[in-house]
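K.L.:
One structure, pasted below without further comment.
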Amino acid sequence: MYQALYRKWRPLIFDEVIGQQHVTETLKNQVRNNRLSHAYLFIGSRGTGKTTCARILARAVNCEHPVDGNPCGTCPACRGILDGTIMDVVELDAASNNGVDNVRALREEAVFSPSAVKKRVYIIDEVHMLSTAAFNALLKILEEPPAHLMFILATTELQKVPATILSRCQRHSFRRIDAATLAGYLESIAEKEHFHLNHEAAELIARLADGGVRDALSLLDQCSASETIDVDAVYNTMGLAGNRRVAELLDLILKHETAGALRAFNGMWMDGKNPAVLLNELSGLLRDVLMLHVAPRGALDLLSGGYDTATLSAFSKRLTAEQLLSAA
């Protein structure tokens, strides 16, 4: 059975996690020195490795023979947690288990010692989705946890987590992965999968992924039907061919070619493009051009990813900052 790339290449040890060394090195040191917290809070945007690191940490703290802070992957505890046969490591999705009754049931179960490993670990994803009553129920066991218990909470929205919970957790912030690192990672995965991935296409996918490894691998998966994954293949697969038409429309506008601009607009209108959506896309293009104009180096990781750098640079040279500010 085919397995999605983001599942197939999910890291199994801390050393395989890309772009989060500030987190993984800290966790490895804590495992090595047996200085573990009873509660962790992993914060960051989607697809940056929060749940992956939570699963690795759950195996590492229960591993019978950890290797430099990483789980060995071969002992019965590692294998059992990985294949789901050990029930002492529990993953909960707070989006669908957000009521007080769910947390009370967890709290009643958590007091029992683990049956097969050293620590009972609860991984609660999207913890900010818990109700106020559920947070209050969770707070009680976070205040006085049994020695065998560990909580790993993950969230994309830190501001929704109560301060009383934050103060009882060790926090780790996961960064967005920069486009260059992500592009290199995609190329290494493509080589292992025997995909023909161009460097320019890898950079485009990395920009579109907005710093998320999971999104990047999902986009690569979508494009893998093409024999050669180049920029055109990415644009066509992702439905971004319309972005080029938006760039062509802006080019005609800047050239004051009214008839050509109206024909381009009519073509997009006949293809079903909503004028309000078109204006938003023009605004987004001008925003990218402005970013590149005022900060040609620092803005690269802040671009939307829908347009190649050459196109943006060409527009940047034709427009002043004042024109861009008034147009955007």
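The values are calculated or read from the model by the stated rules, or taken from the named source; none is laboratory data. Remember, it's a predicted structure, so these values are computed and weren't measured experimentally. Backbone-built Cβ (ideal geometry, glycine too); neighbour counts: all protein chains shown.
K.L.:
When you look at Thr52, is it polar (S, T, N, Q), out of contact with any strand residue (DSSP E or B) (no Cβ under 9 Å at 6 or more places or on another chain) and surrounded by 15 or more Cβ atoms within 10 Å (Cβ to Cβ), yes or no?
P.N.:
Working: polar (S, T, N, Q): yes; out of contact with any strand residue (DSSP E or B) (no Cβ under 9 Å at 6 or more places or on another chain): yes; surrounded by 15 or more Cβ atoms within 10 Å (Cβ to Cβ): yes.
So Thr52 passes the test.
K.L.:
Name every residue in the range 147-161 that is out of contact with any Cys (no Cβ under 8 Å at 6 or more places or on another chain) and surrounded by 15 or more Cβ atoms within 10 Å (Cβ to Cβ), in order of residue number.
P.N.:
Result: His148, Leu149, Met150, Ile152, Ala154, Thr155, Thr156, Val161.
K.L.:
Okay, moving on. Given the criteria under 30 Å from His196 (Cβ atoms) and free of Cβ contacts under 8 Å to residues at least 60 places away in the same chain, does Asn274 qualify?
P.N.:
no
K.L.:
Of the residues Pro296, Pro275, which single one is under 30 Å from Asp215 (Cβ atoms) and in contact with a Phe, Trp or Tyr (Cβ under 8 Å, 6 or more places away or on another chain)?
P.N.:
Values: Pro296 fails: in contact with a Phe, Trp or Tyr (Cβ under 8 Å, 6 or more places away or on another chain).
The match here is Pro275.
K.L.:
Only one residue in Leu158, Leu197, Leu220, Leu153 is more than 26 Å from Thr26 (Cα to Cα) and under 21 Å from the mean Cα position of the chain (by Cα). Which one?
P.N.:
Step by step, each of Leu158, Leu197, Leu220, Leu153 is checked, and only Leu220 is more than 26 Å from Thr26 (Cα to Cα) and under 21 Å from the mean Cα position of the chain (by Cα).
K.L.:
Something else about it: Out of the residues in the range 91-114 that are over 17 Å from Lys160 (Cα atoms) and of a type in the set (A, V, I, L, M), which is surrounded by the most Cβ atoms within 10 Å (Cβ to Cβ)?
P.N.:
Here the residue is Val103.
K.L.:
Which condition does Thr74 not pass, out of (1) of a type in the set (Ser, Thr, Tyr); (2) surrounded by 18 or more Cβ atoms within 10 Å (Cβ to Cβ); (3) more than 23 Å from the chain's Cα centre (by Cα), if it passes all the others?
P.N.:
(2)
K.L.:
Another one. Are any residues in the range 1-20 of a type outside the set (Val, Ile, Thr) and in contact (Cβ under 8 Å) with a residue 12 or more places away in the chain, and if so, which ones?
P.N.:
Result: Ala4, Leu5, Tyr6, Trp9, Arg10, Pro11, Leu12, Phe14, Asp15, Gly19, Gln20.
K.L.:
I need a count of the residues in the range 1-17 that are under 14 Å from the mean Cα position of the chain (by Cα) and either of a type in the set (Lys, Arg) or surrounded by fewer than 17 Cβ atoms within 10 Å (Cβ to Cβ) (or both).
P.N.:
So the count comes out to 2.
For (1) crowded, with 23+ Cβ neighbours inside 10 Å; (2) in a loop (DSSP other than H, G, I, E, B); (3) without any contact (Cβ under 8 Å) to a residue 60 or more places away in the chain, each residue gets a yes or a no:
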{"position": "Ala116", "(1), (2), (3)": "no, yes, yes"}
{"position": "Ser173", "(1), (2), (3)": "no, no, no"}
{"position": "Ile177", "(1), (2), (3)": "yes, yes, no"}
{"position": "Ala180", "(1), (2), (3)": "no, no, yes"}
{"position": "Tyr185", "(1), (2), (3)": "no, no, no"}
{"position": "Glu200", "(1), (2), (3)": "no, no, no"}
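K.L.:
Within the range 67-86, is even one residue touching a Gly at 6+ places or on another chain (Cβ under 8 Å), assigned by TED's automatic domain parsing to the domain that holds Ala147, closer than 22 Å to Gly212 by Cα and not small (Gly, Ala, Ser)?
P.N.:
The answer is no, given that none of the residues of the range 67-86 is touching a Gly at 6+ places or on another chain (Cβ under 8 Å), assigned by TED's automatic domain parsing to the domain that holds Ala147, closer than 22 Å to Gly212 by Cα and not small (Gly, Ala, Ser).
K.L.:
Considering only the range 243-252, I want to know if a residue exists there that is out of contact with any Leu (no Cβ under 7 Å at 6 or more places or on another chain), surrounded by fewer than 17 Cβ atoms within 10 Å (Cβ to Cβ) and hydrophobic (A, V, I, L, M, F, W, C).
P.N.:
The answer is no; no qualifying residue exists.
K.L.:
Now, a different point. Is it true that some residue in the range 219-226 is in a loop (DSSP other than H, G, I, E, B), of a type in the set (Gly, Ala, Ser) and within 30 Å of Thr51 (Cα to Cα)?
P.N.:
Yes.
K.L.:
Give the residues of the range 202-218 that are outside any loop (DSSP other than H, G, I, E, B) and either aliphatic (A, V, I, L, M) or modelled with pLDDT of 90 or more (or both), sorted by residue number.
P.N.:
Ala202, Leu204, Ile205, Ala206, Leu208, Val213, Arg214, Asp215, Ala216, Leu217, Ser218
K.L.:
Check Thr311 against each of (1) modelled with pLDDT under 85; (2) touching a strand residue (DSSP E or B) at 6+ places or on another chain (Cβ under 8 Å) and name the one condition it does not meet.
P.N.:
(2)
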